[in-house]
Amino acid sequence: MFFVIARHITSAVTAMLAATVLIASACATAPLPEGLVLWLDASDVNNDGKPDAHNSNGQPLVSWLDKSGKGNHFTQSEIAQQPTCEAGQFGGKPAVRFHGNDQLTCGKIEGFLYRDQPIHIVLVMRTKSGSTHSHPRLMEFQPVDGDLSKPNTVKQRGFWIGPQGDGRMRIGTHFGDEGSALSVSWDARPHVIEIIYAGAQNWIHYLDGARDGAGLLGGRDFHGFKKDVRLAIGQQFDWVDPNSYFEGDLAEVLIYNRMLTPDEQNSIKSYLAKKYAIDLSIEAAPNFERDVRPILAQHCHECHGSDLQESGLDLRTVTAMLRGGDSGPVISRGHPEFSDLVDQIIEGRMPPNGADSLDKGQLSVIRRWIEAGAPADEEIAPVDLDALISEEDRSFWAFQKLARHEPPKVAGTNRVRTPIDAFVLAKLEPLGLTLAPEASRVTLLRRVCFDLLGLPPSPQEMLQFLANESDQAYEQLVDRLLASEHFGERWGRSWLDWCGYVDVFGRDTDFLIIKPLRGRWRYRDYVIRAFNHDKPWNRFLMEQLAGDELLDWRNAEHLTPEMVELLTATGFLLCADDDSDQNELNTPDIRHYVLQQTGEIVANNLFALTVGCAKCHNHKYEPIAQLDYYRWLANFSPVFNPQRWVTSIEHGMAGPTQQEKEDVHRHNAGIDPQIAALKEQQNTFDKEEGEAEIAGIDTKIAALNAQRKEYPVLQVAVEQNPPSPTYLLRRGQVGKPGVEVQPASLTILTQTRAADRVESQSKLQPQGATSGRRLAVAKQVTNPDSIAGALVARVFVNRLWQESLGKGIVETSDNFGISGARPTHPELLDWLATEFIRGGWKVKPLVKTIVMSSVYRQAPFGQDVDSGIQGDPANNLLWHSRLRQLSSEHIRDRILTVSGQLDRTLGGPPIPLLARPDGKIVINMDSLPTSTSHLRRSLYVLNRRNYHLSMLTTFDQPFLTSNCTCRKPSAVVTQSLTMMNDEFVLEQARHFAQRVAREAADASSAARVDWAFQLALCRTPSETESRLCVELIERHTVRYQHLDMNTDEAAEKALVHFCHTLFNTNEFLYVQ
Amino acid sequence: MAWIPQLSRREMLQMSGLGLGTLATTYLRGLDLAHGGPNHAVNLAGMNSHPHPAQFPAKAKSVIMLVQNGGPGQMDLFDEKPMLKKFDGTVHTEKVEQFQPGSESNKLLNSPFPFREYGQCGMRMANILPHIGTVADELCLVRSMASFHNNHTEALVALNTGKIFPGRPALGSWITYALGSANQNLPAYIVLRDPNGYNTSGTLLWQNSWLPAMFRGTEISTSGTPVLNLKSESPPPPEVQADNLRVLTQLNRAHQEKFPHESVLEARIQNYELAARMQMAAGELLDLSSESAATRKMYGLDNKPTERYGLRCLMARRMVEAGVRFVQVFPDLLGGNTQVWDSHANVKSENEACFAFADKPSAALITDLKQRGLLEDTIVIWSGEFGRLPISQNGTGRDHNRNAFSLLLAGGGFKSGHIHGATDEFGYRAVEDRVTVNDLHATLLHQLGLDHNRLTFMHHGRPETLTDAVVTNAHVVKKIIA
């Protein structure tokens, strides 16, 4: 066996020196860097470590043994297809000769290629003189059981790589298009060929040591190998076309499962050059100061130098080039093809106007310099994004650490129940305003019930509350509501909006096609539980961002309930629309889109920043560099890895705990023997004569199968593979990768001065095989002493405020940036945030503080409306409570509550929808989980992105193409039509009327009207209202009696109309 | 039920419209006070959708806005530039304002489409709009439009509201606020979009903002049921419904008194009344069975590429015919693309794809309005939010250009067979008789009999106008008025 000395030379600067040394020493021993998975050497085909001196010419080769140590040996048992050994071919060294139709195969390559792993192949070969067949295929990688139905080769210049859609890759030799008349054999000289697949669609080709081409494989033709790979040499697998073979000699084959560095590459080249006496181009990289800088000075520095930095770009130093200008960095070390500097020159864009352009030699110097890793004498500091951020940006209010402000002194101390009141009064009093008087107890009861539970109080609750005359009555009410399990439903629904939760996968652009994602609802229930149990919000965030990194679930035999909980929480990250389950949409641009959407939604939810603008260039309004955008994405790219993609439906995993496993097994154990017995019974029948019997038994088997249980599916966002590199995309284009970036948070949210930095107190470490990137984010954003933590807390408490008071302290609850609104009460916002954190990040106590305040408890209008309007017409400063339209779900839930039909069951799979041909989307009554599922709270109705239950759409259920931080209610005529004519509303009006008839104090119209008002509007009617409604009922009764109805029927119908009318009142749609 | 006298439609309207005439809230009083004085538009606008008189004799009554969002390229379609042909592929001597990357080479790009003369007037336009060409003699082609922003959302918001920042009322909202509607059975401001989804910026473009909510655009679907829940499955006798509605209005009025400043409550009250009337009229309006085969064919309803857009154009005509004040038609979403005119990659193929659906129906609408004698008091606007650059982007595409674009006007008292204004010789910038978006708005209002300086609404203590001429210097473009 060979003894291998691996060389590790990492510094790009020393690489040149090392290469020179290697050439000088001309060592003939193979330098074998790490990652070698296949090594075939014609000098030693039996791999005994000794040269095969005794090989005679023309001896058939049965096997060619791998010297890499991986055991990837090649064989051919068919005599007619065996290549031969030929001595003295390459500088006196032997070769393996393929005569046409010859082939060697390896059934499964070990330690080999997986998904989008880079590959580096080195070949010493020569084609037969005069070989003219059209498909000179030298190698084919193929999945072990691949689908070969769609051959589709991408042609490249010269030596070609033919990637195939289903994870195959072919390598061949030809000039011109494959299969064309131009496709002739190469020259009959020995060559050293390197073919590199660099990942992310990038290929690079070296001919005799010199870079001969690089580019991107077309579109969606190759995303890497999906499964185990087998490899054929000399001819394609399973192919009888006599033209599809390689004719010629192979002396040596080396394959690495990574891309070699330039110095490693040089060391191999020098070994081969020496061994085979082939003249190879092995040269030292250009030097920046000596070779590159003068070129740039001559052609570029006028606009990108000391005097001018157009587009923010300075080309004087390597550091400045790596930092780049407005459109990102301009060089990518090691990758000229990823470097905008090279692209701009090649495409003739720079220097502009065609003036003073670079000649080929100059361009070549720049390319080779970048290829070698852009070495420079200067010490290349990490890119300092902070330098792009001005002091003014840094001092913007949203990017400050939290400060605890003491409640201000105010005159109206009698109204100060909580510090909130002092902060609000302090803004009102200078305008001569004060808070409106306290709202009536009934108003308050309704308001707080809707705000805390999203449901109206029952008449009994109303009586109970009004009867309680103690000073603590309101607080007791609030405490009772906070303890209700409906609290989690109401607030969980808001959180689900903010993170863009839907129950379906894909973009949901087809009205008729509904694609529920199995088990997705478990995340929804997790959120509801978290709010109900008042899970500390920092922990809640931690679990959602990185729950999978907190425990080593991968090595667990069964998942523990805790693991299931943590894995379920990561469903938070699955909110981007992802259609990659469709093969034709499983393309690089869609993959990147999903990653980008995920990053943008999370940033918008947590930071209320519009990071999306920085996808293509530095953000025009906010201090967010393009590099920042991709660094942020790098936190999520191990989960949504465009190079190692997991499609939208592959995020599902069976997530059973031991208990669940046992339950499923026990359940199925009762059924499986019955199925087996039936099958046995079936076999006793003759296939033709017993057709009926067999069919009968099939039906029984199907019924039993339907009873079998499966493991529950969890939709999780976890890392599937080690992370791939994340690249900045130049101009946001998928086909234009730029520099590689490292995961980080946004620079503006990072305290760059070391002295100011406060490390997270959390000692949590990533568990199991995972990168810990998201855990690092989670630790940062939950660190209350950091800028990020401060912003995240502010954004969240602002939304709690928005939900309780109708408008955020920062009105643009989705945009805390420079282009967003400013807080009306900045000190109050910080006070709420610090109070939240002091209280252990608990939501319920903070909500309680808000609803206990005098500000919250104001009446809808003050005593002095005129001066209010004068001083603060839009009521931004809260001199009275705001009239708020109920959200779509709350309207539907209110109808169901009032009609007495609401099914209050918590959680579980979503209620299915049906898209009707008339354009209406209704609950699918044919597949209800239980007989009352259609009467459940609206948040349990299947959440689509674009096509909600029509009733909800009409009342402004948001389209969740991304996330939604603030519902925007409208008042359009279609809402009135819905309330007037929708069959759901009408049916509930009938139930409502029946309930009124059943429960009213007596059968008089007055008693019924009274009770109906109490149920629907939580108040008693005024005398006028009562009279109006009683008369309406009586008029209708008379009308229907005239239509030959008996008195009871007529009265019943009349009552329905009245009840329906109450649903239609404005009061029913608003909380005041 | 034969013995119950059926209510006539008129009686029904009287019942359901109860209260509209006597509306007098403190809100409206506030309006009066703020606008007091003989020259102000006192009582011009109101909190209802009844027709209001214009301020002076109007040329037009209604508007159909065919929004071509994405930004069609003026030099490719409407604004022939021989210099582009001459210098195609060469570096432009002027450094143009670029928005997105890809145009750095600053190389001129000629239109991929030859231009030809259309109509008696000999209007020169590209050869890929043969149908629009047939109505050239009806068109007023403005070649000197200018917008303010190079990004779609901002420019679209500007085209629809006059300013680039969201949060101001839409043009359609202002117009319906000012003039109400001649049809009390349909919303005054209707939006017709591709049933497959929203175009860029979506509902932002028909928002009422701080104008009362009733002046928001109402979307009406051209697929499935036009308006869901238009009728109940088992409608009650009309007098029952009318009675319900009357009581409902009384209950709502009592509730409204507590919230005199919430315009939304008034909008809702009116919506119920409108809804009741829509039941009677809308179904009829949206039922196309009365349209002749020739008409359907003219709009391209018989043809896959044009059927969806054609249907919306036809609906727009029917609505205007029925007295709807403002109809906005949005383009198709091709393959989910929400801004189909945005030809960054390939001017030729992207424009061809757009005209495949937009050419025939757009022309049919104008022809049809003309035939029916409706064109003279209907303004048709065919416009994107901005234009495109004379230089190439990504080889064969063009980037956004706020400095110039072309738009088409027809009917409504505008000159016909007329070309207004000009851009520089490369089509980059409007240089002659420049028309800003605000000028366009001022002119549109003028044609509707409204003075853009006098159509005001008090907001946050300031009498706001659509054009905000104090800031924008908007003026009526007299030269395009017949």
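Determine whether B:Ile164 is in a loop (DSSP other than H, G, I, E, B) and either crowded, with 22+ Cβ neighbours inside 10 Å or more than 8 Å from chain A (Cβ to nearest Cβ) (or both). It is true that B:Ile164 is in a loop (DSSP other than H, G, I, E, B) and either crowded, with 22+ Cβ neighbours inside 10 Å or more than 8 Å from chain A (Cβ to nearest Cβ) (or both). In the set B:Val67, B:Val91, only one residue is within 14 Å of chain A (Cβ to nearest Cβ) and either within 29 Å of the chain's Cα centre (by Cα) or hydrophobic (A, V, I, L, M, F, W, C) (or both); that residue is B:Val91.
Checking each residue of the stretch A:491-509 against the condition of being touching a residue at least 40 places away in the same chain (Cβ under 8 Å), touching a Pro at 6+ places or on another chain (Cβ under 9 Å), buried (at least 21 other Cβ atoms within 10 Å of the Cβ) and among the basic types (Lys, Arg) gives no match.
Of all the residues in the stretch A:492-517, those that are over 20 Å from the mean Cα position of the chain (by Cα) and within 14 Å of chain B (Cβ to nearest Cβ) number 4. Looking only at the stretch A:337-377, how many residues end up being within 21 Å of A:Gly738 (Cβ to Cβ), away from chain B (no Cβ under 14 Å) and basic (Lys, Arg)? Of the residues in that region, 2 qualify. Restrict the check to the stretch B:287-304 and report whether at least one residue is among the small types (Gly, Ala, Ser), within 12 Å of another protein chain (Cβ to nearest Cβ) and either touching a residue at least 12 places away in the same chain (Cβ under 8 Å) or surrounded by 20 or more Cβ atoms within 10 Å (Cβ to Cβ) (or both). No, the conditions are met nowhere in the stretch B:287-304.
Restricting attention to the stretch A:399-425, the residues that are part of a helix (DSSP H, G or I), out of contact with any Leu (no Cβ under 6 Å at 6 or more places or on another chain) and not aromatic (Phe, Trp, Tyr) total 7.
Of all residues in the stretch B:243-253, those that are touching a Ser or Thr at 6+ places or on another chain (Cβ under 8 Å) and within 7 Å of chain A (Cβ to nearest Cβ) total 5.
Criterion first (without any contact (Cβ under 8 Å) to a residue 60 or more places away in the chain and either under 23 Å from A:Ala989 (Cβ atoms) or among the β-branched types (Val, Ile, Thr) (or both)) does A:Leu935 satisfy it?
Details: without any contact (Cβ under 8 Å) to a residue 60 or more places away in the chain: yes; either under 23 Å from A:Ala989 (Cβ atoms) or among the β-branched types (Val, Ile, Thr) (or both): yes.
Here the answer is yes, as A:Leu935 does meet what is asked.
If you go through the stretch B:112-161 and pick out every residue that is of a type in the set (Lys, Arg) and touching a residue at least 24 places away in the same chain (Cβ under 8 Å), you end up with 2.
When the stretch A:536-569 is filtered for residues that are among the charged types (D, E, K, R), free of Cβ contacts under 8 Å to residues at least 60 places away in the same chain and under 20 Å from A:Gly789 (Cα atoms), only A:Glu543 remains. If the condition is being more than 7 Å from every other protein chain (Cβ to nearest Cβ) and surrounded by fewer than 17 Cβ atoms within 10 Å (Cβ to Cβ), then the stretch B:220-236 contributes B:Ser234, B:Pro235. Among residues of the stretch B:189-219 being facing chain A (nearest Cβ under 10 Å), over 30 Å from A:Leu1032 (Cα atoms) and small (Gly, Ala, Ser), the one that is farthest from the chain's Cα centre (by Cα) is B:Gly197.
Okay, residues lined up against (1) at pLDDT 95 or above; (2) surrounded by fewer than 22 Cβ atoms within 10 Å (Cβ to Cβ); (3) closer than 30 Å to A:Leu585 by Cα:
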| residue | (1), (2), (3) |
| --- | --- |
| B:Leu334 | no, yes, yes |
| B:Val340 | no, no, yes |
| B:Asn346 | no, yes, yes |
| B:Phe357 | yes, no, yes |
| B:Ser362 | yes, no, no |
| B:Leu365 | yes, no, no |
| B:Gln371 | yes, yes, no |
| B:Leu375 | yes, no, no |
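Looking only at residues of the stretch A:56-113 that are surrounded by 18 or more Cβ atoms within 10 Å (Cβ to Cβ) and acidic (Asp, Glu), we find that the one that is modelled with the highest pLDDT is A:Asp66.
Taking the criterion of being part of a helix (DSSP H, G or I), surrounded by fewer than 16 Cβ atoms within 10 Å (Cβ to Cβ) and either among the basic types (Lys, Arg) or more than 14 Å from chain B (Cβ to nearest Cβ) (or both), would at least one residue in the stretch A:1051-1065 satisfy it?
Going residue by residue through the stretch A:1051-1065, those that are part of a helix (DSSP H, G or I) are A:1051-1064.
Among the residues that remain, those that are also surrounded by fewer than 16 Cβ atoms within 10 Å (Cβ to Cβ) are: none.
No, there is no match, as no residue in the stretch A:1051-1065 is part of a helix (DSSP H, G or I), surrounded by fewer than 16 Cβ atoms within 10 Å (Cβ to Cβ) and either among the basic types (Lys, Arg) or more than 14 Å from chain B (Cβ to nearest Cβ) (or both).
So which residues in the stretch A:363-383 are in contact with a helix residue (DSSP H, G or I) (Cβ under 7 Å, 6 or more places away or on another chain) and not in a helix (DSSP H, G or I)? Talk me through it step by step, then tell me what you get.
Our first condition is that a residue be in contact with a helix residue (DSSP H, G or I) (Cβ under 7 Å, 6 or more places away or on another chain); within the stretch A:363-383, this holds for A:363, A:365-367, A:369-378, A:380-381, A:383.
A:Ala372, A:Gly373, A:Ala374, A:Pro375, A:Ala376, A:Asp377, A:Glu378, A:Ile380, A:Ala381, A:Val383 - these are the residues of the stretch A:363-383 that are in contact with a helix residue (DSSP H, G or I) (Cβ under 7 Å, 6 or more places away or on another chain) and not in a helix (DSSP H, G or I).
Looking at the stretch A:980-1005, which of its residues are in a helix (DSSP H, G or I), at the interface with another protein chain (Cβ under 8 Å from one of its Cβ atoms) and over 18 Å from A:Ala1054 (Cβ atoms)? Answer for the stretch A:980-1005, where residues must be in a helix (DSSP H, G or I), at the interface with another protein chain (Cβ under 8 Å from one of its Cβ atoms) and over 18 Å from A:Ala1054 (Cβ atoms): A:Asn981, A:Glu983.
Determine, yes or no, whether A:Ala1012 is without any contact (Cβ under 8 Å) to a residue 12 or more places away in the chain and away from every other protein chain (no Cβ under 11 Å).
On the way: without any contact (Cβ under 8 Å) to a residue 12 or more places away in the chain: no; away from every other protein chain (no Cβ under 11 Å): yes.
Considered against the rule, which asks whether it is without any contact (Cβ under 8 Å) to a residue 12 or more places away in the chain and away from every other protein chain (no Cβ under 11 Å), A:Ala1012 comes out as no.
Scanning the stretch A:386-418 for residues that are under 30 Å from A:Glu759 (Cβ atoms), surrounded by 15 or more Cβ atoms within 10 Å (Cβ to Cβ) and not small (Gly, Ala, Ser) yields A:Asp386, A:Leu388, A:Ile389, A:Asp393, A:Arg394, A:Phe396, A:Phe399, A:Gln400, A:Lys401, A:Leu402, A:His405. Here A:Met350 does not qualify as buried (at least 20 other Cβ atoms within 10 Å of the Cβ) and part of a helix (DSSP H, G or I). Taking the stretch A:800-880 and the helices (runs of 4 or more DSSP H) fully enclosed by it, the elements with 3 or more residues that are in contact (Cβ under 8 Å) with a residue 40 or more places away in the chain and more than 14 Å from chain B (Cβ to nearest Cβ) are at A:826-838, A:843-852. Could you please let me know if B:Ala267 is crowded, with 19+ Cβ neighbours inside 10 Å, within 14 Å of chain A (Cβ to nearest Cβ) and touching a residue at least 12 places away in the same chain (Cβ under 8 Å)? For B:Ala267, the condition - crowded, with 19+ Cβ neighbours inside 10 Å, within 14 Å of chain A (Cβ to nearest Cβ) and touching a residue at least 12 places away in the same chain (Cβ under 8 Å) - is met. Of the residues screened, A:Gly839 is not one that is over 24 Å from the mean Cα position of the chain (by Cα) and modelled with pLDDT under 95. Suppose the filter is buried (at least 21 other Cβ atoms within 10 Å of the Cβ), among the β-branched types (Val, Ile, Thr), on the phi < 0 side of the Ramachandran plot and facing chain A (nearest Cβ under 8 Å); does B:Val240 pass it? It is false that B:Val240 is buried (at least 21 other Cβ atoms within 10 Å of the Cβ), among the β-branched types (Val, Ile, Thr), on the phi < 0 side of the Ramachandran plot and facing chain A (nearest Cβ under 8 Å). I'd like to know if the stretch A:699-715 contains one or more residues that are closer than 30 Å to A:Ala608 by Cα and more than 14 Å from chain B (Cβ to nearest Cβ). Yes.
Just one of (1) within 10 Å of chain B (Cβ to nearest Cβ); (2) surrounded by 23 or more Cβ atoms within 10 Å (Cβ to Cβ); (3) part of a helix (DSSP H, G or I) fails for A:Val898. It is (1). Residues that are within 12 Å of chain B (Cβ to nearest Cβ) and modelled with pLDDT of 95 or more are absent from the stretch A:960-976.
The values are calculated or read from the model by the stated rules, or taken from the named source; none is laboratory data. Just so you know, these numbers come straight off a predicted model, no measurement behind them. Neighbour counts are summed over all protein chains in view; Cβ atoms, including those assigned to glycine, are modelled from backbone coordinates with ideal geometry.
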